[in-house]
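Let me begin by presenting the structure, written as structure tokens, before commenting on it.
Nothing in this text is a laboratory measurement; each read-out follows from the coordinates by a stated rule. As the structure is a prediction and not an experimental result, all values here were calculated from the model. Positions of Cβ are backbone-derived with ideal geometry, glycine not excepted, and every protein chain shown enters the neighbour counts.
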Amino acid sequence: MSGPEPSPDFLALTRDEALELARTMIRIRRFEEKCAELYAAGKIRGFLHLYIGEEAVAVGAMQALKPEDAILATYREHGHALARGIPARTIMAEMYGKYEGCSHGRGGSMHVFDAHARFYGGNAIVGGGLPLAVGFALADKLMHRTALTACFFGEGAVAEGEFHESLNLAALWKLPVLFLCENNLYAMGTALERSEADTDLCEKARSYRVEAHSVDGMDVLAVMQASAEAAARVRAGTGPQFLELKTYRFRAHSMFDAELYRTKAEVEQWKKRCPLAAFRQKVMQEGLLDESGWARMEAAVEAEISAAVSYAEAGTWEPVEQLTRDVYTEHSAAGRLATEC
Amino acid sequence: MDDTVTRVRTTYRDAMREALREALRRDERVFLMGEDVGRYGGSYAVSKGLLEEFGEERIRDTPLSESGFVGAGIGAALNGTLPIVEVMTCNFSLLALDQIVNNAATIRHMSGGQFSVPIVIRMATGAGRQLAAQHSHSFEGWYAHIPGIRIVAPATLEDARGMLWTALMDPDPVIMFENALLYNLEGELAPDAGAVDIDHASVRRAGDDLTLVTYGGSLGKTLQAADELARNGVNAEVIDLRTLRPLDTVAIFGSLARTHRMVIVDEGWKSGALAAEIMARAMEESFYELDAPIARVCGAEVPIPYARHLEEAAIPQVATIVDAALRTLNKHV
């Protein structure tokens, strides 16, 4: 595709880079819509947490990361995995529980892992990934590497002790962690103001002497800019940074959620700020793409998702004889003994 | 060669320190982290002097954030280092249970085998020092319930000196339970003592009349009980489990197949203890070998009391082990 290069409103992005942001957000949106459909059809089971409405956060933040950086995410991580470049087909196969899934069907929707992408889950214990992130960064520091660790978590994690322990440790040891707090206002069904005496999340981070900024998480360019700046400060070796990314989940918490805790009007109000629609409008206004160009991009994404579903459908079920595989490392004596017992 | 001439007098504490020192010297990826491991020298003085030798980066004092620093150890293990994380006592490890159970034990499996967690978590365990109900637990049986981690319990100087390096080389998480009463254990060690296997139980005393199975802090008492039994004409075999998960059932049931009688000594509370698991497996696998019901000498069903006489009554003692053994042999005194 060719066309005019974007204005300074698009930071310093080339046209292709700007359109790639759009394309990634579309991929996440359509992937998640397909997941909801497949869940209703019984193809995907267990818990399924959709990222619809929050796409700008993962897509914007991911632009600041390099291949050597490690990423830790939560159980609502399909978007991050896609934005990081994990193929849609292996994520979809994982949802199906197929052996061809990125975690060989052992993890499911909540536990997407990918060594190549340095994507370390997929953690379904709220706050559980934060101490791990501290450790990743500590290892990088001890081994004199230059990578940083990006740790995504929701505002609900702020109530966990692990949040406080981890921010303190990262700040105390000046570790290269980029803490990315996705504030979608509800910890499952509990609103932030019903769980925190002080709802200013940045203040909590600052109390550990961690530089913190609040960002419009519905604006992919704002997220991208703030993440790039924060990542640069982390890489400069001054210690961790904290970003609060204000966003909203348009769908229920999981597929079992009756959404009794928020009004339809509130949801509708936020949907008017849809990050994908907003960016689409910006792309159009800028003349980066016309209607038919956008439609071609949508069609390409649809083909990719459709191929991912076919791949998952064609995948295989791991033989039950392999049930206890990957509890211990195969070649270790512990693994041998465990199998014998 | 006369071994006794060259053997070195040492303690369990010093042997453990030598193991740490060797690991830190041998591999730059190794570091030690925990509460008071550095300036203080370790709450049981195990790491005394290591800060001066290896510096603050590798002998890393942590705040009182068990979940935070144990989790950090797990993350660091995932990212190419070999962390040794010391948790002051297993009682405090409950604050890190989420990280150990939900992350260390699961990540290999949840990721479909993509990642290993080569961490070693050391913790003191056991009663006997009048430290009451929040500093005297024996949680190794709990931890041994969890697939994905290996549990070891060094009970001798050789194992204190040699288990650590082998545990570090294991790609999977290992938790090392050090009974706090053992730190002052004195004895002799070969000058070239080093890494030992952590796959097998060990026969600490050979015998034919019955099998006494134990581990960790109860090994000494069990060996004393075996001596006393010998004075009563009973020749007991003593098996030190050494590794509590996975269990070396080959050794346990091999011995049982020769002696046909077994007593299990385990400081953990009786209900659901490791001893219960060994008994259950014996029923499943060696039922027809048994000439008598298997007996257990376990912790009493009570939080460990402070008063000395009550604390002693709450955990296995030489007399209760002897008594259980004699009852198993129908030689009740």
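Remark: spin-label model distance A:E302-A:T263 equals 3.6 nm, labels positioned 7 Å along the Cα→Cβ axis.
Using the Cβ-Cβ distance between B:M283 and B:R129 with R0 = 51 Å, the FRET efficiency computed as 1/(1 + (r/R0)^6) comes to roughly 0.90. Near A:E259, once Lys and Arg are set to +1 and Asp and Glu to -1 for all other residues with Cβ below 15 Å from its Cβ, the sum equals +2.
Kirkwood hydrodynamic radius (Cα pairs, Å) of the range B:202-328?
14.4
Looking at the calculated P(r) for the range B:7-189, what percent of the C-alpha pair distances fall above 28 Å? The share of Cα pairs beyond 28 Å in the range B:7-189 comes to 16 percent.
The aspartates and glutamates within cross-link reach of A:K66, meaning a Cα-to-Cα straight distance under 17 Å and a gap of 8 or more places when in the same chain, are A:E17, A:E20, A:D114, A:D140, A:E229. As a proxy for reagent exposure, A:E330, B:E158 were ordered by neighbouring Cβ count within 10 angstrom, fewest first; the result is A:E330, B:E158.
Please state, as a whole number in µm²/s, the translational diffusion coefficient that the Stokes-Einstein equation yields for chain B at 37 °C and 0.692 mPa s, with Rh defined as the Kirkwood radius across alpha carbon pairs.
The diffusion coefficient I find is 161 µm²/s.
Ordering A:M110, A:M284, B:M16, A:M297 from the fewest to the most neighbouring beta carbons within 10 Å gives A:M284, A:M297, A:M110, B:M16.
Using C-alpha pairs below 8 Å separated by at least 6 residues, the relative contact order for the range B:205-333 is 28 percent.
Between the range A:252-313 and the range B:49-98, the alpha-carbon centres lie 43 Å apart.
Phi angles across the range A:223-240 convert, under the Karplus curve 6.51 cos²θ - 1.76 cosθ + 1.60 with θ = phi - 60°, into 3J(HN,Hα) values of 5, 4, 5, 5, 5, 4, 5, 5, 5, 5, 5, 4, 5, 6, x, 8, x, x Hz, Gly and Pro given as x. Projected over every direction and averaged, the convex hull enclosing the alpha-carbon atoms of the range A:123-276 yields 9.2 nm². Summarising the label geometry, the points placed 7 Å from Cα in the beta-carbon direction at B:R258 and B:A230 lie 1.5 nm from one another. When the Cα convex hull of the range A:1-58 is projected onto planes of every orientation, the mean area is 5.2 nm². Exposure proxy ranking for B:E52, A:E302, based on other Cβ atoms within 10 angstrom of each Cβ and starting from the fewest, stands as B:E52, A:E302. Take every pair of alpha-carbon atoms less than 8 Å apart whose residues are at least six positions apart; their mean separation over the length of chain A yields a relative contact order of 22 percent. You can think of it this way: the chain between A:H116 and A:R145 has 8.7 nm of extra reach, that is 0.36 nm per residue less the Cα-Cα gap.
What the Kirkwood sum gives for the range B:141-251 is a hydrodynamic radius of 14.7 Å, with every pair of different alpha carbons counted. Rounded is the label for the range A:8-340. Its Cα gyration tensor axes, ordered a ≥ b ≥ c, give a/c under 1.5.
In degrees, nearest 10, range 0 to 90: what is the angle between the Cα axis of helix B:157-169 and the longest Cα principal axis of chain B? The two axes meet at around 50 degrees. Averaging over all projection directions, the Cα-based convex hull of the protein assembly as shown occupies 33.5 nm² in the image plane.
For an R0 of 41 angstrom, estimate the FRET efficiency from the Cβ-Cβ distance between A:A236 and A:E313 and round to the nearest 0.05.
0.30
With 26 Å as the limit, the listed pairs A:K174/A:K204; A:K246/A:K272; A:K98/A:K264; A:K34/A:K272; A:K204/B:K48 have A:K98/A:K264; A:K204/B:K48 beyond it between alpha carbons.
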